[in-house]
Amino acid sequence: MRKPRPLLFSTALLFAGLSAAQAQNTPVIQQAESGTLGADWTSATASGVQYISVVPTATIAAQNPGTAARVATYSVTFPGPGTYDLYARVRVNAGAANDDSFYYGNGFGIKSPTNDNDWITINQVAGVGYINGSQVVDGAGSAQSNVWKWVNMSKIGGAETPISFTVAAGSLTQTFQLGAREDGFDIDKVVFGATGLYFTVTNLDNGQQGSVNPPPPPFTPVGPPMATGKPKFLGGVYSTPQLPNFSAYWNQVVPENAGKWGSVEATRDVMNWTELDAAYKLAKDNGYPFRMHVLIWGSQQPAWIATLPAAEQLVEINQWYAAVAQRYPAIDFLEVVNEPLHQPPGPNSGGGNYLEALGGSGATGWDWIITSFQLARQYFPNTKLMLNDYSVENTAVSAQQYLGIVNLLKARNLIDAVGIQGHAFSTRGLPVANLTTNLNTIASAGFPLYITELDIDGVNAQNQLDDAVQLAEYQRVFPAFWLHPAVKGITLWGYRPGHWRTTQGAQLVNDDNTERTAMVWLKNYVRSTTLGTTKADNAAISLYPNPVTNGNFVLKGTENLNAVRIVDIRGQIVQDIALHNQSSVNVKADLRPGIYVLQLFDGKTISSKKLIVE
């Protein structure tokens, strides 16, 4: 009758052992404000988060806090002995690289505020971290500034080799210290998690146990690019964060920063072509169109050119054009001038200050642009020349102003394509009907349009990643661009974490390459949507008189059209006419005798009618 007793005892030991193991799998959380804070630390609460930050002071250059006032001290009790990694939930503020460093103690115990060896310096936190609930907080991650994010501080380094922390069996309560380095760095909580376990963002947020199972390997998308076989390309931007799996999605290339003059020739006569070479090679090796971004702009220009005499500036501009033309002879599209309405190369910070060297405003108001394009025709005679700007599609006034510059260049045969950036801050809240009307206005000059820097945000009102928000906006905005008959290609200005609008959630995939809902929809939409269908004579639209003797004629039944284009027998565009829900249109055209084709655009298809001029 005594035999069951050892079984009960063994079962009790088993459950005790399981309980201890489970406890050790649970992260040990310290709210940042719960410690003993030095005088320079402040505690604040915003949007339900209580956090600590250091008062603004000059950055301490040494590898230590420098004073006890910049040290925070915690007493941490661990569930068992072992090795633990240090995690922290932090926010890097607007200063980004100037707000993204701090110190933690080099092991447990009280540290000297002025001894470098007592501290581990953590830096470059602005571009790392995790914010999605299911993400395992393990390597660097790619969350950006201005968001709360989790970082494994025992793995990221950034300045010194990071460490893990060892807890001995007889010393489960330990003293741990943090030190301030840069202001603008907020800390919500610090967490110790057993080394070798894997904690997701959700685990750390809620104090849940880690997993012994490593995260699955990164998702690998299967190509070919989604616009393969389409009459329009769907391209991507070249930069280090955006390169993985590029050719599984995109079939056109533009450098993000590598082609900007300030990137290439930051030091006068010292050219850095490395990244631009790589972007060009990616395009040419795969047969993708390559767009050069950018020759003339009022930002990210060489600092040294701003103080040169105007004549010397013009020599340098010519040398810049010549160097690009010689090195890249097969550029498909060239952004000659970027953002003329918003960022001209005048005497603003970083803007080059060479507008007057190109002719200033002059008689046209835009002589400097005309000169820029005249030089481009000289150095790039076989390349399509493009103007590019943002927020020209969101109001009728800006569309007309942009059209005016395009027409100045058209009158001089200096332009071949028109770029519209298409950023989220321009399209958000803009009715699609207004967007289409403004595209029609710009397209009336007769040149193909290219959406050059598309991005669509994906966070909700609480600044949290929200797939539903991003999907709805993609479904609303993207077809308006993709189906417009004048738009011949779209380029996304990034699609992966590290995107310039990562804080706004504009990336289409996660750190592990898994696709967000909008990416899944985008692939299906682009691959399944028929484009560029051309119907023969449209009997629903009447044209009279035909033949005509003076070039004047009337079209009726045009309610569903948004544009009419007159093309001569050689395929040259003679005239573009934008329509706005008109049942009829009186056309007055200066046409020589001959045969012409009227191309009729309704946003999805192109139909035609023959016009004879006697």
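When the stretch 404-421 is examined, which residues are found to be within 20 Å of Phe478 (Cβ to Cβ) and touching a Ser or Thr at 6+ places or on another chain (Cβ under 7 Å)?
Within the stretch 404-421, Gly419, Ile420, Gln421 qualify.
Counting only residues that are small (Gly, Ala, Ser) and touching a residue at least 40 places away in the same chain (Cβ under 8 Å), how many does the stretch 314-364 have?
Qualifying residue count for the region: 9.
For the stretch 222-241, give me the residue count where each residue is within 22 Å of Leu483 (Cβ to Cβ), in a loop (DSSP other than H, G, I, E, B) and within 16 Å of the chain's Cα centre (by Cα).
Counting residues in the stretch 222-241 that are within 22 Å of Leu483 (Cβ to Cβ), in a loop (DSSP other than H, G, I, E, B) and within 16 Å of the chain's Cα centre (by Cα) gives 0.
How many residues does the stretch 40-88 hold that are polar (S, T, N, Q), within 20 Å of Gly109 (Cβ to Cβ) and under 34 Å from the mean Cα position of the chain (by Cα)?
Of the residues in that region, 1 qualify.
Only residues that are among the β-branched types (Val, Ile, Thr) and surrounded by 18 or more Cβ atoms within 10 Å (Cβ to Cβ): list them for the stretch 294-339, please.
Residues satisfying the conditions are Val294, Ile296, Ile305, Ile317, Val324, Ile331, Val336, Val337.
Within the stretch 95-136, track down each residue that is hydrophobic (A, V, I, L, M, F, W, C) and under 30 Å from Gly458 (Cβ atoms).
Passing the criteria: Ala96, Ala97, Phe102, Ile122, Val125, Ala126, Val128, Ile131, Val136.
Checking the condition hydrophobic (A, V, I, L, M, F, W, C) and free of Cβ contacts under 8 Å to residues at least 12 places away in the same chain, which residue from Val264, Val294, Val253, Val270 passes? Spell out how you get there, then give the answer.
Values: Val264 fails: free of Cβ contacts under 8 Å to residues at least 12 places away in the same chain; Val294 fails: free of Cβ contacts under 8 Å to residues at least 12 places away in the same chain; Val253 fails: free of Cβ contacts under 8 Å to residues at least 12 places away in the same chain.
Going through Val264, Val294, Val253, Val270 in turn, just one is hydrophobic (A, V, I, L, M, F, W, C) and free of Cβ contacts under 8 Å to residues at least 12 places away in the same chain: Val270.
Out of the stretch 272-292, which residues are over 16 Å from Ala330 (Cβ atoms) and surrounded by 14 or more Cβ atoms within 10 Å (Cβ to Cβ)?
Correct list: Glu275 only.
Quick check: anything in the stretch 105-126 assigned to a strand (DSSP E or B) and within 25 Å of the chain's Cα centre (by Cα)?
No, every residue in the stretch 105-126 fails to be assigned to a strand (DSSP E or B) and within 25 Å of the chain's Cα centre (by Cα).
With the requirement that a residue be over 17 Å from Asn510 (Cα atoms) and at pLDDT 95 or above, what does the stretch 462-473 give you?
Correct list: Ala472, Glu473.
Starting from the stretch 29-41, take each residue that is in the same structural domain as Ala180 (by TED's automatic domain parsing) and list its partners that are surrounded by fewer than 18 Cβ atoms within 10 Å (Cβ to Cβ) and among the polar types (S, T, N, Q), counting only C-beta distances under 6 angstrom and pairs at least six apart or across chains.
Here the result reads Glu33/Ser43; Glu33/Gln50; Gly35/Thr73; Thr36/Thr73, each pair linking the stretch 29-41 to a residue that is surrounded by fewer than 18 Cβ atoms within 10 Å (Cβ to Cβ) and among the polar types (S, T, N, Q).
Give me the residue from the stretch 242-271 that is in a strand (DSSP E or B) and more than 16 Å from the chain's Cα centre (by Cα) and, out of that set, surrounded by the fewest Cβ atoms within 10 Å (Cβ to Cβ).
Top of the filtered list is Val270.
Test Arg91 against the criterion of being more than 18 Å from Ile163 (Cα to Cα), within 32 Å of the chain's Cα centre (by Cα) and crowded, with 16+ Cβ neighbours inside 10 Å, and give yes or no. Give the steps one after another, and end with the answer.
On the way: more than 18 Å from Ile163 (Cα to Cα): yes; within 32 Å of the chain's Cα centre (by Cα): yes; crowded, with 16+ Cβ neighbours inside 10 Å: yes.
Yes.
Tally the residues that are in a loop (DSSP other than H, G, I, E, B) and either acidic (Asp, Glu) or loosely packed, with under 15 Cβ neighbours inside 10 Å (or both), restricting the search to the stretch 365-389. Don't jump to the end; show me each part of the working.
Our first condition is that a residue be in a loop (DSSP other than H, G, I, E, B); within the stretch 365-389, this holds for 365-366, 380-383.
Next, from what is left, pick out any that are either acidic (Asp, Glu) or loosely packed, with under 15 Cβ neighbours inside 10 Å (or both): 365, 381-382.
Qualifying residue count, the stretch 365-389: 3.
The values are calculated or read from the model by the stated rules, or taken from the named source; none is laboratory data. Because the structure is a prediction, the values reported are computed rather than measured. We place every Cβ from the backbone using ideal geometry, glycine too, and count neighbours over all the protein chains shown.
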